[in-house]
Every structure is written in C-alpha cells, then in structure tokens.
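Below you will find the structure I want to go over with you.
The values are calculated or read from the model by the stated rules, or taken from the named source; none is laboratory data. This is a predicted model, so every value here is computed, not measured. Quick reminder, even Gly has a Cβ in these numbers, built from the backbone with ideal geometry, and neighbours come from all protein chains shown. Surface accessibility is based on the protein's heavy atoms, side chains included, excluding ligands, DNA and RNA. Shrake-Rupley method; radii C 1.70, N 1.55, O 1.52, S 1.80 Å.
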Amino acid sequence: MHGEESGVVPDTISLGDVVVKASGPTAPGRKKDGSMRIDASMYRSVPRMFGEKDMLRLLTTLPGINASSDYSSGANVDGSDYSQHMYRINGVPVLFPYHFGGIFSTLNSYIYPHASLQKSIHAIDAPSVGGAVVDLRSDTVRIRPQVEANVGMLASSVGIKTPLGNKVTLMAGGRISYISSAYGWLLRGDDTELKHDFGDLDMTVGWRISPVDRVDVTVHYNKDFLKYDDSNYDMVTRFDWHNVSAGINWHRKFKHSIMNVFGGYAGTGTDLQLDLGEAGVVVPTSSKIVWLENDFHGLRVKNVDMRAGCGVYGYFERPQWASVDGFGQTGGLRPSMRKSVDSKIWVEGNVELARNLKMRVGVDASWFASGRYNHADMSPRMSLLGNIGNVDWVLHAGRYRQSVHYVGLSEIGLASNFRYSATEKAPVQQGWHFAASGGWRIAGGMLELWGDLYYKLISHQAEYVGSVLDLMDSGFDVSSCVTSARGRSYGASVMLRYPQGPVSGWVSYGYGNARRQFYGSREWFTASGSVAHTLKANCAWQINDKFSVGGMFTLSSGRPYTPVKAIYIIGERLMMEYGKRNSARMPLYHRLDIGGSFMFETKGRYPLEHLISVSVLNVYGHKNVEIQSWGFSLASREYYLRRVGSLYRFLPSLSYTVKFAQ
C-alpha cells in the first residue's frame, strides 16, 4: 500500500508552510522514471461526463491506457486488465473505485486533485500487483480556507479545505446523486422501472505534531443502490455495493533519512438479489484488507542512496456464493470467511554510474499463506535511468507478483466481480516486465515526444470460467469456476505533446497484443480486455482568463468476443456452436467529445469564483457497439445478429461550480 505518496506529503518532505494556488489548464506530464501524472485543472478544457470531474476517466486519455467499453470499470494498461490494477487515495486502497457501469469513479477530484500512474515500471515499495498502480493525492501541507460546490447532471457535491490552527489541516467532501428523483420519468417504461442512486464521502486530516513529525489520516466511504423491475418477466433485480477505506500515516524526519509508518483498513461488499416471483436468488460477496508498513528512504551508504521497508497484510474474503429459494431448492452453500496473510521486505539501492546515468537495483522478498497453501517469492528489479541532451530514458526489467485475484462474470469489471486469494488451483500470479520509456524535449521544450515499449510474461493469472446458471445450483462452489492461465503481452505507445501557450494539446497512438492460454490447453486466445490499436487527440484553447474550449477524439479497435458459428434447434431447445475464444472483434470504436468553460468572479463581502462547464459527448452521434448477441427467428428459421449500442450518443452535460477562498 505504502503511504509516502500521501498527498499532504510531497516527494521530498518539507514541513514548512506551503500555500497552494489554483493554476490554469495543464497537459499531462511524464516523470523520468516513466510514470505519468495529471492534474484536475485539466478539466477547464477537457469535456466532463455528466458534469463531473473524474481523475480516473481523465487517465484513460493518456497513451497506453484504454477503456474496453463505455461502461467498463477500469482500463487496460500496457496489456494488463482491470483485475491487475490497484487504486489508492493518499496511499490507501479503494477496492472498487467506480459507480454503476463505470460512468465515473467514487474518488473526489476536489479532495484528490493530483494523480500519478505507474504502468509497467513500479517503485520497489508499490503494491504487489501485476498491472498498474494509480495514486490520487491531496494538496500539500498548508492551504487557505476554501469551499467549493458543484452541481452536475446526475449529482452534486460540496467540499471544504481549511487549516485548523497552525498545525492541523482538514479537507472534507461529499457527493450525492438524484438520478431516480430527477430522471425517474425517463427510466420508467410501461413494464419496466430502473432506480439508481449513490453517494460518497471523503476526509483527510494532516497534523504537524512537531518540526519533524507529521500524521495524516485519510477516510473514504461510498455506496451505490440499483433496482430494476421488469413486470414482463415478474423479475426484480436489486444490487448494492460499497467501499470503506481508512489509513493513518506517521512521517518522521531524521537528520539523514525519512521514516513512514503506515497502517489501515480497506473493505468492499456487494449484494445482488434476483426476485423471480416464486423464486429468489441472493448473491453476496465481501473483501477486507488490513495492513501495516514501515519504510525508510533518504538513507545514504557511501555513494548509494538506499530505501528499505517491510509490510504485513491480512486478507479476509467471503467469495461469491448463492442462496437459492425456489426451483426446487432452498438455501445454498455459504462459504466460510477465507483468511490469508501476505508479508514482504523490500530494499533498493540507487547509484550514479556516470554523470548522466543512474542504476536502480532492488528486491522484494515475500511470503504468502492461505490455509494449506504457501508461497515464498523473490522479485528482483533493475532500472537504468539516463539522459542525453534533451532526451531522458529508462530501461527496466523486473519480476512482479499478485497474491489476490479479482474475477467474476463481468469481463468489463463490474461490481459483481470479487476478490479471491491465491490457492493451489489458482496460485499466486507472477510475471516478468521488460519496459523502456523515454521523453524528448524538442524546440526548447515547445514540443515533447514520449515513447513506451513493454513486453510481459505472465503465469497463473486467474480466469473465471463459470456462468450465471451455475449460481442456481444450491451446491455452487466458486472454486470450481476459477482456473489459471499463462500469458504474454507486448506493445508500444507514442505521444506528441504541445504543452505551452494558450493553445495546447497532444496526439497519441498505441498498439497492444495480450494473449492468454489455459494450463493444459494448446490454444492461445486474445485476452478479454485487449485493445489492439488506439488513436487519441486532444486540443485545448485558453481564449482568455474567462473562456476556454477543448475537444477529445478517440479511435480504437473493438473489444474481442467469442463468435457464434452455428445455431440449431434440438427438440424445443436452442443450441449454439461457438468459435474460438475471443477470436472476433466488435466494430471500430470512435467518438468526439467537445467542451468549454466560462469562469467569472463576483466581488463583495464573500468574493466568489464561478465556473460554468458545458460539454457534448460523442458529438456526431456514432453508435458504438457495447453488446453483441445472436437471436433466432422462428418465422424465417434463421438466426440474426443483434447489437446494442452505447447510450453515449450526442450526450450534453452542464455543470456549475462555485468556490469561495480567502
């Protein structure tokens, strides 16, 4: 987990007063270690979805990051899918950071306005995952009192940032939706009715105990409620899910080093209920993590900068199970709480080999235990970092592991999926990452060219092979639906960025190929979230201090699916013959989003800043395919292709933000 990235503490800790001021729109940035960063101020000129600023959605505009669907929760990052990523706020994990359908995240961009992304190259103290690490962080130590309120199409939010005396800083915010009350008439048909609402709360507290001691506390909570009633089938679906995350981080500054002690709790739970008239099915899941870490950095041994730490992590899970009442069955096999423990020690040295060349070498030693299953691991990593003139580059080779899988029925990562600690049948996921990243500042920094290459070898990535019908079995055992696959992923991305002046923007292209193979099978197949080609272009124009406009164009390959080769009827039963797994792709995905904002101030006893944002998603109304299935006509005795398009077609959004700051 590690809390050094806690937003109230910058990369190099400074415990003096820092005043944070708002800035104009900024373009994404790249660090010398290959990681990427963005800032919420980009939303002055980037189109908002339903009037919301969403840092996780903003990340998908960067090269190498692709959402496989308009409704997907998570993204594919350098060939890794949603099940391999970790999302954190001030170092605290949020296990499922999305509201329904991945419309936008649960994370408050006012409280956490800065984001960084580690793609294929991870810091030695980063969480043990096989994919990306996304960190959102708060502002630095000292802030001026301010209040901000935002009214959007689906929800409204309010936040406050203020010092409490000379030593304590408080940031708090909340958001609540009004989808059912405001749009119920649109979501209600003759025979159907949909209700959905959500809310989230965030708070961070920073306490500067002494010139060398600081304690930071971060708390997050969110809850979603969904109900769908279809009288045609006498069916009611209810779906609830929530997150609770809290962490405390103690920073201690010594003469030659800095220590962090970081601990906390993160939990998520879902409850899916199907009421089918004379029968009912309840499908609950839950997952919890508790952890404690200790880390030292800034140590120097001769000419080597050192970093070392250790951590212990406890996992408590109740995997997906089903309670069936009807269909000739009663009850279900309720699994016991699965408990596992993971521990690791890490050490890293950073040495300067030459004036413009550094080498970073580290190792992560770990031990994982779950019931009778045990796994010990050593994961070495090495990076070379250098620069030649205006070009900086990094080469990396490292071994990574992930002891908790994330699986389920949904291939786009909906909340119904669940966490599942490694077992003998689904062992700890392991992989080798080979990556190269570079940046070139052209024409005195007026242009920047970024490039990334990656190749990954993966073993024991968990795959879910069950179906909805399995849940109807009173003897359903989730372990029978989880298996393992090996894999390889490779690809590249390039981005040309114009970061200066009133007109800024970027254009990027990415290519990726992610392949998987079940153990015991000779057949390789395309990974579910793999997107082969992507092209993205952004342009923003800061017209003056009040007006700004921008647009974002996205073009990508359709996501893979398993095609139907033939349909036939035996008796009165419809049968389908499928082709190779994920051997076909949906049609090309593309859309253009445009937006603009108008900012003005009002004077008086309480001077206020006002921001009106307008945007249109998919301005030319292209029907991007989200679901593809086959139907059969009894009249013609022929089967036909049935496609369901995304609702994001010429979708306007409007929001109003007001801010008071001393």
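Take residues that are free of Cβ contacts under 8 Å to residues at least 60 places away in the same chain and on the phi < 0 side of the Ramachandran plot and tell me which of the strands (runs of 3 or more DSSP E) falling wholly in segment 405-472 contain 1 or more.
Working: elements: 418-421, 429-442, 447-464.
Strands (runs of 3 or more DSSP E) meeting the threshold: 429-442, 447-464.
Conditions (1) out of contact with any Phe, Trp or Tyr (no Cβ under 8 Å at 6 or more places or on another chain); (2) at pLDDT below 90, marked per residue:
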| position | (1), (2) |
| --- | --- |
| GLU577 | no, yes |
| TYR589 | yes, no |
| LEU592 | no, no |
| PHE598 | no, no |
| LYS603 | yes, yes |
| TRP630 | no, yes |
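Would you check if ALA266 is open to solvent by less than 50 Å² (accessible area, probe 1.4 Å) and at pLDDT 85 or above? Working first, answer last.
On the way: open to solvent by less than 50 Å² (accessible area, probe 1.4 Å): yes; at pLDDT 85 or above: yes.
Judged against the criteria, ALA266 is a match.
Something else now. If I ask for residues that are of a type in the set (Asp, Glu) and in contact with a Lys or Arg (Cβ under 8 Å, 6 or more places away or on another chain), which ones from segment 61-88 would you list?
To start, the set of residues in segment 61-88 that are of a type in the set (Asp, Glu) comprises 70, 78, 81.
If the condition is that a residue be of a type in the set (Asp, Glu) and in contact with a Lys or Arg (Cβ under 8 Å, 6 or more places away or on another chain), then ASP78 is the only one that fits.
Follow-up. Report the residue count in segment 597-608 for those that are part of a strand (DSSP E or B) and open to solvent by less than 60 Å² (accessible area, probe 1.4 Å).
So in segment 597-608, the residues part of a strand (DSSP E or B) come out as 597-602, 608.
Within this subset, residues satisfying the condition of being open to solvent by less than 60 Å² (accessible area, probe 1.4 Å) are 597, 599-600, 602, 608.
Residues that pass the stated criteria total 5.
Next question. Give segment 292-334 a look and list any residue that's at pLDDT below 80 and surrounded by fewer than 16 Cβ atoms within 10 Å (Cβ to Cβ), or say none.
GLY326, PHE327, GLY328, THR330, GLY331, LEU333, ARG334
Does segment 503-516 include one or more residues that are under 21 Å from the mean Cα position of the chain (by Cα), at pLDDT below 90 and over 30 Å from GLY444 (Cβ atoms)?
no
Please go through segment 370-403 and pick out each residue that is within 27 Å of the chain's Cα centre (by Cα), open to solvent by less than 20 Å² (accessible area, probe 1.4 Å) and either farther than 19 Å from SER484 by Cβ or of a type outside the set (Asp, Glu) (or both).
SER370, SER379, SER383, VAL394, HIS396, GLY398, TYR400, ARG401, GLN402, SER403, listed by residue number.
Any idea which of (1) more than 12 Å from TRP321 (Cβ to Cβ); (2) in contact with a helix residue (DSSP H, G or I) (Cβ under 7 Å, 6 or more places away or on another chain) is the one ALA462 doesn't satisfy?
Just one mismatch for ALA462, condition (2).
Give, as residue ranges, the strands (runs of 3 or more DSSP E) completely inside segment 533-595 that count at least 3 residues that are open to solvent by 50 Å² or more (accessible area, probe 1.4 Å) and in contact (Cβ under 8 Å) with a residue 12 or more places away in the chain. Don't jump to the end; show me each part of the working.
Working: elements: 533-542, 547-556, 564-570, 573-578.
Fully inside segment 533-595 and qualifying: 533-542, 547-556, 573-578.
Open to solvent by 10 Å² or more (accessible area, probe 1.4 Å) and under 21 Å from ASP33 (Cα atoms): is that true of GLY451 in this structure? Break it down into steps so the answer makes sense when it comes.
Working: open to solvent by 10 Å² or more (accessible area, probe 1.4 Å): yes; under 21 Å from ASP33 (Cα atoms): yes.
Yes.
Would you point out the residue of segment 355-378, among those that are in a strand (DSSP E or B), of a type in the set (Gly, Ala, Ser) and in contact (Cβ under 8 Å) with a residue 24 or more places away in the chain, that is farthest from GLU424 (Cα to Cα)? Explain how you work it out, then say what you get.
At the first step, the residues of segment 355-378 found to be in a strand (DSSP E or B) are 357-370, 373-378.
Subset that is of a type in the set (Gly, Ala, Ser): 362, 365-366, 369-370, 376.
Subsequent filtering for residues that are in contact (Cβ under 8 Å) with a residue 24 or more places away in the chain retains 362, 366, 369-370.
Values: GLY362: 28, SER366: 17, ALA369: 11, SER370: 9 Å.
Only one residue fits best here, namely GLY362.
Looking at HIS256, is it under 30 Å from ARG208 (Cα atoms), open to solvent by 20 Å² or more (accessible area, probe 1.4 Å) and not β-branched (Val, Ile, Thr)? Don't jump to the end; show me each part of the working.
Details: under 30 Å from ARG208 (Cα atoms): yes; open to solvent by 20 Å² or more (accessible area, probe 1.4 Å): yes; not β-branched (Val, Ile, Thr): yes.
So HIS256 passes the test.
Another question, if that's okay. Which ranges mark the strands (runs of 3 or more DSSP E) fully within segment 107-193 that have 2 or more residues being surrounded by fewer than 22 Cβ atoms within 10 Å (Cβ to Cβ)? Steps first, answer last, please.
Numbers: elements: 114-118, 133-137, 146-151, 155-164, 168-177.
Passing ranges, in order: 114-118, 146-151, 155-164, 168-177.
How about segment 73-106: which of its residues are aliphatic (A, V, I, L, M), in contact with a Ser or Thr (Cβ under 7 Å, 6 or more places away or on another chain) and assigned to a loop (DSSP other than H, G, I, E, B)?
Going through segment 73-106, the residues aliphatic (A, V, I, L, M) turn out to be 75, 77, 86, 89, 92, 94-95, 103.
Still in the running and in contact with a Ser or Thr (Cβ under 7 Å, 6 or more places away or on another chain): 75, 89, 92, 94-95.
Those that are aliphatic (A, V, I, L, M), in contact with a Ser or Thr (Cβ under 7 Å, 6 or more places away or on another chain) and assigned to a loop (DSSP other than H, G, I, E, B): ALA75, VAL94, LEU95.
Enumerate the strands (runs of 3 or more DSSP E) found wholly within segment 275-327, keeping only those where 1 or more residues are within 27 Å of the chain's Cα centre (by Cα).
Numbers: elements: 280-301, 304-318, 323-326.
The strands (runs of 3 or more DSSP E) meeting that bar are 280-301, 304-318.
Moving to a separate point now. What strands (runs of 3 or more DSSP E), lying completely within segment 609-662, carry at least 3 residues that are touching a residue at least 24 places away in the same chain (Cβ under 8 Å) and either out of contact with any Asp or Glu (no Cβ under 6 Å at 6 or more places or on another chain) or more than 30 Å from GLY550 (Cβ to Cβ) (or both)? Quick ask: steps written out before the conclusion?
Values: elements: 625-633, 638-645, 651-661.
Answer list for segment 609-662: 625-633, 651-661.
Going by the conditions given, is ARG515 surrounded by fewer than 15 Cβ atoms within 10 Å (Cβ to Cβ) and of a type in the set (D, E, K, R)? Walk me through it before giving the result.
Numbers: surrounded by fewer than 15 Cβ atoms within 10 Å (Cβ to Cβ): no; of a type in the set (D, E, K, R): yes.
In short, no.
Hey, does segment 538-555 have a residue that's within 30 Å of LEU641 (Cα to Cα), at pLDDT below 85 and either more than 21 Å from the chain's Cα centre (by Cα) or not hydroxyl-bearing (Ser, Thr, Tyr) (or both)?
Initially, segment 538-555 is screened for residues within 30 Å of LEU641 (Cα to Cα), giving 553-555.
Filter once more, keeping what is at pLDDT below 85: none.
No, every residue in segment 538-555 fails to be within 30 Å of LEU641 (Cα to Cα), at pLDDT below 85 and either more than 21 Å from the chain's Cα centre (by Cα) or not hydroxyl-bearing (Ser, Thr, Tyr) (or both).
Could you please give the count of residues in segment 468-491 that are of a type in the set (S, T, N, Q), under 25 Å from the mean Cα position of the chain (by Cα) and farther than 24 Å from PHE434 by Cα? Reasoning before the result, please.
First, pick out the residues of segment 468-491 that are of a type in the set (S, T, N, Q): 474, 479-480, 483-484, 489.
Now restrict to residues that are under 25 Å from the mean Cα position of the chain (by Cα): 483-484, 489.
Keeping just the survivors that are farther than 24 Å from PHE434 by Cα gives 483.
Counting residues in segment 468-491 that are of a type in the set (S, T, N, Q), under 25 Å from the mean Cα position of the chain (by Cα) and farther than 24 Å from PHE434 by Cα gives 1.
LYS344: assigned to a strand (DSSP E or B) and free of Cβ contacts under 8 Å to residues at least 60 places away in the same chain, yes or no? Break it down stepwise before answering.
Working: assigned to a strand (DSSP E or B): yes; free of Cβ contacts under 8 Å to residues at least 60 places away in the same chain: no.
Here the answer is no, as LYS344 does not meet what is asked.
Please determine whether any residue of segment 474-482 is among the aliphatic types (A, V, I, L, M), open to solvent by 20 Å² or more (accessible area, probe 1.4 Å) and not in a loop (DSSP other than H, G, I, E, B).
The first filter runs over segment 474-482 and keeps only residues among the aliphatic types (A, V, I, L, M), leaving 478, 482.
Narrowing the set further to residues that are open to solvent by 20 Å² or more (accessible area, probe 1.4 Å) leaves none.
Among the residues of segment 474-482, not one is among the aliphatic types (A, V, I, L, M), open to solvent by 20 Å² or more (accessible area, probe 1.4 Å) and not in a loop (DSSP other than H, G, I, E, B), which makes the answer no.
Hey, can you tell me all the residues within segment 228-259 that are touching a residue at least 12 places away in the same chain (Cβ under 8 Å) and among the basic types (Lys, Arg)?
Hits for segment 228-259 are ARG238, ARG252, LYS253.
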